[in-house]
1. Among Phe141, Phe134, which is touching a helix residue (DSSP H, G or I) at 6+ places or on another chain (Cβ under 6 Å), free of Cβ contacts under 8 Å to residues at least 40 places away in the same chain and among the aromatic types (Phe, Trp, Tyr)?
2. Going by the conditions given, is Ser291 open to solvent by 80 Å² or more (accessible area, probe 1.4 Å), farther than 25 Å from Ser187 by Cβ and hydroxyl-bearing (Ser, Thr, Tyr)?
3. Residue by residue through region 82-104, note down the ones that are open to solvent by less than 70 Å² (accessible area, probe 1.4 Å) and either touching a Leu at 6+ places or on another chain (Cβ under 6 Å) or in a helix (DSSP H, G or I) (or both).
4. Evaluate region 107-130: report whether one residue or more is at pLDDT below 95, out of contact with any Lys or Arg (no Cβ under 9 Å at 6 or more places or on another chain), farther than 16 Å from Phe11 by Cβ and open to solvent by 80 Å² or more (accessible area, probe 1.4 Å).
5. What are the pairs with Cβ atoms under 7 angstrom where one residue, in region 114-127, is of a type in the set (S, T, N, Q) and the other, located anywhere, is open to solvent by 10 Å² or more (accessible area, probe 1.4 Å) and part of a loop (DSSP other than H, G, I, E, B)? Sequence gap at least six, or different chains.
6. Just the residues that are among the hydrophobic types (A, V, I, L, M, F, W, C) and either modelled with pLDDT of 95 or more or farther than 27 Å from Glu7 by Cβ (or both), please, taken from region 71-97.
7. Taking the criterion of being crowded, with 18+ Cβ neighbours inside 10 Å, assigned to a helix (DSSP H, G or I), modelled with pLDDT under 85 and hydroxyl-bearing (Ser, Thr, Tyr), would at least one residue in region 195-218 satisfy it?
Amino acid sequence: MSSSPHEHFEFLLLGGFSNMVLASALEPLRDVKMRALYASPGWEITSLNGEPVESSSEIQVSPNRVFDPAKSTGTLVIVAGYRVRQQINRELLVAIRQAVRTAKRVLALDTAAWILAEAGVLDGHQATIHWQEFDAFRESFPKVNVSSARFVHSGPFLTCGGASTALELTLDLIQNLFGPAAAFDASNMFIYDPARQSELKRGSQQLQDRGSPKLLDALNVIAENVETPLTTFELAERVSLSERSLSRAFADELGMTTGKYYKLYRLQHARYLAQETRLSVEQIALRCGFSCASALGRSFTREFGRPISAFRPQNRNGPSDGTARSV
């Protein structure tokens, strides 16, 4: 895992892109950022001319700025959909070649692999594309090793097809950048069909395949015991493991100690309560297993770099009974 506290993503949108593809790539990153347990990814939207881009469902998205390949120094995510070939011109290809030289990695979602292949940067690499373009893509670019895999990682390039594969690619990238714990939490947020995901060996099933059913049990116990935290010994006892075995499972599967994950989980819950309720800091502290507001405050600032008050929405008109709204 090559983790960084500040990973920047640039989403370059082309006309006719799919809203579902964009959301499948962006929303898991939002989950990682909102939890603020593992890192702090950031992102911005760009377009070729700086003007709003219309999706295939005729929804316009306003970019943050015009696409400038010299500024594509992080992760460049190209999102294309319908009419991709009609939008390719010499100016775009020159810009893409330059961006590939400066970017840390390049993701091509849906039909965007066609742009990379046309620019010649995929020659000798493995790549895939949306299934509707698969045969034409393979015939048009014989120097590209076209794969039928759901997503492909080859050198600095990551390519995939439609929305479901974009989600899988993004979760895999989150695991590589921010660790298995971040990918686990993001997958639980967005993969909502447990039976189907188990059958396909995705989501939490990925952890089970690595021999961690006891770890999953421990995570459930942690979620059920936020207000009155258990000791590591008590947690291990609840899932019928030795304390040493439980610690090894957390280190191997989630890349952190049991106590670290437990505390981060409680702090994340405290952040959520600060954002979504009118509970006082004292009340939040008690609900998250801290002895007092000052104890919560110290831990919170140490972990997130800002006091808990910084996460209070201004002029909230929400519920005053401490009930958090659904998101």
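The values are calculated or read from the model by the stated rules, or taken from the named source; none is laboratory data. It should be emphasised that the depicted structure is a prediction, and the values quoted were computed from it without experimental measurement. Note that each Cβ is placed from the backbone with ideal geometry, even for glycine, and that neighbours are counted across all protein chains shown. Surface accessibility is based on the protein's heavy atoms, side chains included, excluding ligands, DNA and RNA. Shrake-Rupley method; radii C 1.70, N 1.55, O 1.52, S 1.80 Å.
1. Values: Phe134 fails: touching a helix residue (DSSP H, G or I) at 6+ places or on another chain (Cβ under 6 Å).
Exactly one residue qualifies, and that residue is Phe141.
2. Working: open to solvent by 80 Å² or more (accessible area, probe 1.4 Å): yes; farther than 25 Å from Ser187 by Cβ: yes; hydroxyl-bearing (Ser, Thr, Tyr): yes.
Considered against the rule, which asks whether it is open to solvent by 80 Å² or more (accessible area, probe 1.4 Å), farther than 25 Å from Ser187 by Cβ and hydroxyl-bearing (Ser, Thr, Tyr), Ser291 comes out as yes.
3. The first filter runs over region 82-104 and keeps only residues open to solvent by less than 70 Å² (accessible area, probe 1.4 Å), leaving 84, 87-88, 92-96, 98-100, 102-103.
Matches in region 82-104: Gln87, Leu92, Leu93, Val94, Ala95, Ile96, Gln98, Ala99, Val100, Thr102, Ala103.
4. First, the residues of region 107-130 that are at pLDDT below 95: 130.
From the residues that got through so far, the ones that are out of contact with any Lys or Arg (no Cβ under 9 Å at 6 or more places or on another chain) too are 130.
Adding the requirement that they be farther than 16 Å from Phe11 by Cβ leaves 130.
Okay, now just the ones that are also open to solvent by 80 Å² or more (accessible area, probe 1.4 Å), so none.
No: region 107-130 contains no residue that is at pLDDT below 95, out of contact with any Lys or Arg (no Cβ under 9 Å at 6 or more places or on another chain), farther than 16 Å from Phe11 by Cβ and open to solvent by 80 Å² or more (accessible area, probe 1.4 Å).
5. Hits for this filter: Gln126/Ser147.
6. Step one: filter region 71-97 for residues among the hydrophobic types (A, V, I, L, M, F, W, C), giving 76-80, 84, 88, 92-96.
Listed by number, the residues that qualify are Leu76, Val77, Ile78, Val79, Ala80, Ile88, Leu92, Leu93, Val94, Ala95, Ile96.
7. Yes, that holds for at least one residue.
For every residue, the table says whether it meets (1) part of a loop (DSSP other than H, G, I, E, B); (2) open to solvent by 20 Å² or more (accessible area, probe 1.4 Å); (3) of a type in the set (Gly, Ala, Ser).
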{"position": "Ala236", "(1), (2), (3)": "no, no, yes"}
{"position": "Ser240", "(1), (2), (3)": "yes, yes, yes"}
{"position": "Leu267", "(1), (2), (3)": "no, no, no"}
{"position": "Ala274", "(1), (2), (3)": "no, no, yes"}
